[in-house]
1. List the helices (runs of 4 or more DSSP H) inside segment A:263-356, counting only whole elements, that have at least 1 residues being hydroxyl-bearing (Ser, Thr, Tyr).
2. Taking segment A:120-138, which residues are touching a Ser or Thr at 6+ places or on another chain (Cβ under 6 Å) and closer than 23 Å to residue A:16 by Cα?
3. Take the residues in segment B:1-18 that are polar (S, T, N, Q) and without any contact (Cβ under 8 Å) to a residue 12 or more places away in the chain; name whichever of them is nearest to residue B:188 (Cα to Cα).
4. Which one is most open to solvent (accessible area, probe 1.4 Å) among residues in segment B:189-221 that are free of Cβ contacts under 8 Å to residues at least 24 places away in the same chain and not in a helix (DSSP H, G or I)?
5. As an exercise: evaluate residue B:224 against (1) farther than 24 Å from residue B:113 by Cβ; (2) open to solvent by 50 Å² or more (accessible area, probe 1.4 Å); (3) touching a Leu at 6+ places or on another chain (Cβ under 9 Å) and give the number of the one condition it does not meet.
6. Considering only segment A:91-108, state which residues are more than 17 Å from residue A:140 (Cβ to Cβ) and either away from chain B (no Cβ under 11 Å) or of a type in the set (Gly, Ala, Ser) (or both).
7. Inspect all residues belonging to segment B:19-38 and state whether any of them is open to solvent by less than 60 Å² (accessible area, probe 1.4 Å), free of Cβ contacts under 8 Å to residues at least 40 places away in the same chain, out of contact with any Cys (no Cβ under 7 Å at 6 or more places or on another chain) and closer than 16 Å to residue A:203 by Cα.
8. Is there any pair linking a residue in segment B:229-240 that is within 19 Å of residue B:141 (Cβ to Cβ) to one that is in a helix (DSSP H, G or I) and among the small types (Gly, Ala, Ser), with Cβ under 9 Å and at least six apart or on different chains, and which?
Amino acid sequence: MSERILMCGNEALAESAIIAGLDAYFGYPITPQNEIPEYMSKRMPEEGRVFLQCESELASINMVYGAAATGKRVMTTSSSPGISLMQEGISYLAGAELPSVIVNIMRGGPGLGNIAPAQGDYFQATRGGGHGDYRTIVLGPSSVQELVDCMPLAFDLADQYRIPVLVLADGIIGQMMEPVVFNKKPRRKLPPKDWALTGADGREQNIVRSLWLKEGAVEQHNYDLQAKYREIEKNEVLCEQYEVDDAEIVVIAYGIAARIVQGAVNKARQEGIKVGWIRPITLWPFPTEQISKAAKDFKIFLTIELSCGQMVDDVKLAVAGKVPVQFYGRPGGGVPTVEQVLDKIRQLTLRQENVI
Amino acid sequence: MQKVFTKPQSLKDCTTHYCPGCGHGIAHRLIAETIDELGLRGRTIGIAPVGCAVLAYDYLDMDMIEVAHGRAPAVATGMKRTNPDKIIFSYQGDGDLAAIGTGEIIHAAHRGEQITVIFINNAVFGMTGGQMAPTTLLGQVTTTTPLGRDPLKQGYPLQVSELLAMLPGAIYIERCSLHKPALIRNAKKAVKHAFQLQADGAKGLSLVELLSPCPTAWRMTPTKAIEWMENEMIKIFPLGRLKG
């Protein structure tokens with residue numbers, strides 16, 4: 001498929017995963033991502049691959065764990081409450097260093113919340129989420145095309161670093177339709193999966209584990225994991241910047257919030273306000289260096305989220321007190337409008353003028 | 001001199017961490033003998049449970065994985081669905097399979113997953129120090145039933161094999177015991193049959209429940225534990241083939 005076609009985000013990401021070589025999909029229905037298991041139930045058998053609707057999210061993530069341990073490309077998808085149930089399994093995947101892809105099409109929380117788009121799972125996604133000292137790579141696409149493009153990247157990153165990779169989108173990106181192109185870009189050179197459980201035919205046994213009982217062993221395992229995380233932080237940060245060179249206000253947003261910000265920034269520029277934006281694409285590793293660099297020259301940072309303020313903590317850590325960081329967010333399914341973000345930018349401009 | 005009894009190749013030559021009188025060592029040996037005799041080592045993947053047998057891969061010489069408490073049947077499903085040519089077995093205790101993992105074993109059986117489950121039932125949570133399990137007998141004293149299990153407060157012993165035998169997706173269910181040599185020989189036949197079914201591509205789940213002594217958590221001598229199994233445990237968990 002190299003032509004431009006109109007697809008909804010959930011189906012587009014599913015097709016992109018199939019093109020990326022997905023061997024098996026395990027999932028459980030939850031709104032607003034049901035188009036993914038529905039699409040997979042038809043397409044995976046057509047490709048001679050595995051689709052299974054599981055009895056729960058606990059089962060889904062553990063089927064991912066089992067298939068990943070045999071060296072297969074495998075993924076599950078869910079939405080916020082379902083991802084909470086998967087946290088035990090994600091911690092085990094991280095501990096056993098099993099490559100896997102987990103998609104969270106976020107909805108409003110906490111608890112059952114609602115089925116409208118939200119970004120309230122940022123902390124859970126970027127801090128580990130489950131028990132123990134671990135991180136997962138987190139990708140935060142902001143369009144259907146980017147959702148398509150990030151799936152092969154997610155699988156490659158998972159295989160390269162033997163790590164679970166989370167794709168963190170929200171109900172709008174999952175549900176909206178946009179024209180997309182499925183590019184078959186050159187792939188990374190990946191290490192062999194000589195650790196995988198394939199039956200010990202002619203070799204010594206392989207063991208996949210996360211239990212280390214010998215004194216100091218789990219500490220060493222954690223240090224090894226941290227060394228891997230530092231390498232990922234060094235090599236894999238992705239972010240986009242727009243008209244930040246001369247800007248006096250820099251707006252930071254990811255995912256669908258970034259699309260709203262882009263509209264607001266364009267309008268503000270038409271009004272003569274010097275404003276630009278930075279859009280993190282990898283939420284972990286976070287573009288700390290890029291934001292820190294920008295903070296040297298700019299006066300005010302503004303973070304916009306579909307939450308009460310989660311990523312804003314990372315922005316504050318990145319600017320390290322060098323510049324003020326303002327926040328505007330709408331939680332639990334509330335979506336800021338372009339006009340609301342524009343108003344916030346105008347207010348900051350007025351405040352600057354008052355200061356002067 | 002002719003050698004008449006040797007260690008199976010699939011069993012490592014090492015000392016185990018299991019307590020004196022524990023049944024895990026016997027169960028491991030039955031699995032290792034079976035895999036050797038059926039020539040399956042090269043394509044077998046074993047799943048160790050959370051519990052006393054979490055280190056089973058230190059004793060069984062084959063590809064193995066460690067999984068979260070109770071989730072082994074889901075992990076086995078992920079493995080078998082993506083590797084239909086491999087022999088996948090889970091090794092689970094009663095705390096693992098009959099308590100926290102009840103959902104996973106029921107649904108794996110319900111779907112007819114083509115896996116083999118070795119279910120060790122010692123009527124107690126062994127590794128965590130002897131707390132009540134769903135399989136604990138009425139009146140049995142554990143660290144969380146200090147006055148003995150009372151059905152009105154803690155419910156009745158859960159007969160998992162009987163429950164699973166009702167499901168069409170389970171094709172072979174047998175309960176055996178490890179407390180007498182003759183019964184151990186029967187258990188070997190059952191374990192071998194369960195693996196043979198999978199190797200033959202039989203369409204469904206096979207499970208062998210092995211009643212196993214736990215003298216430490218039962219606060220008994222190994223000899224007394226054997227007597228208790230003979231006199232009490234097999235009354236509640238009768239031996240024999242339940243299905244297939």
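The values are calculated or read from the model by the stated rules, or taken from the named source; none is laboratory data. As the structure is a computational prediction, the values presented were derived from the model and not from experiment. Positions of Cβ are backbone-derived with ideal geometry, glycine not excepted, and every protein chain shown enters the neighbour counts. Heads up: the accessible areas ignore ligands, DNA and RNA and are worked out on the full protein's heavy atoms, side chains in. Shrake-Rupley method; radii C 1.70, N 1.55, O 1.52, S 1.80 Å.
1. Details: elements: A:288-295, A:311-319, A:338-355.
In segment A:263-356, A:288-295, A:338-355 are the helices (runs of 4 or more DSSP H) which contain 1 or more residues that are hydroxyl-bearing (Ser, Thr, Tyr).
2. Of everything in segment A:120-138, just one residue is touching a Ser or Thr at 6+ places or on another chain (Cβ under 6 Å) and closer than 23 Å to residue A:16 by Cα, namely A:138.
3. Looking at the filtered set, the residue picked out is B:6.
4. This residue is B:200.
5. Of the numbered conditions (1) farther than 24 Å from residue B:113 by Cβ; (2) open to solvent by 50 Å² or more (accessible area, probe 1.4 Å); (3) touching a Leu at 6+ places or on another chain (Cβ under 9 Å), the odd one out for residue B:224 is (3).
6. Of everything in segment A:91-108, those that are more than 17 Å from residue A:140 (Cβ to Cβ) and either away from chain B (no Cβ under 11 Å) or of a type in the set (Gly, Ala, Ser) (or both) turn out to be A:91, A:94, A:95, A:96, A:97, A:99, A:100, A:108.
7. Taking segment B:19-38 first, the residues open to solvent by less than 60 Å² (accessible area, probe 1.4 Å) are B:21-36, B:38.
Add one more test, that the residue is free of Cβ contacts under 8 Å to residues at least 40 places away in the same chain, and what stays is B:25, B:28-29, B:32, B:36.
From the residues that got through so far, the ones that are out of contact with any Cys (no Cβ under 7 Å at 6 or more places or on another chain) too are B:25, B:28-29, B:32, B:36.
From what is left, the residues that are closer than 16 Å to residue A:203 by Cα are B:36.
Taking every residue of segment B:19-38 in turn, at least one turns out to be open to solvent by less than 60 Å² (accessible area, probe 1.4 Å), free of Cβ contacts under 8 Å to residues at least 40 places away in the same chain, out of contact with any Cys (no Cβ under 7 Å at 6 or more places or on another chain) and closer than 16 Å to residue A:203 by Cα.
8. Pairs found: B:237/B:161.
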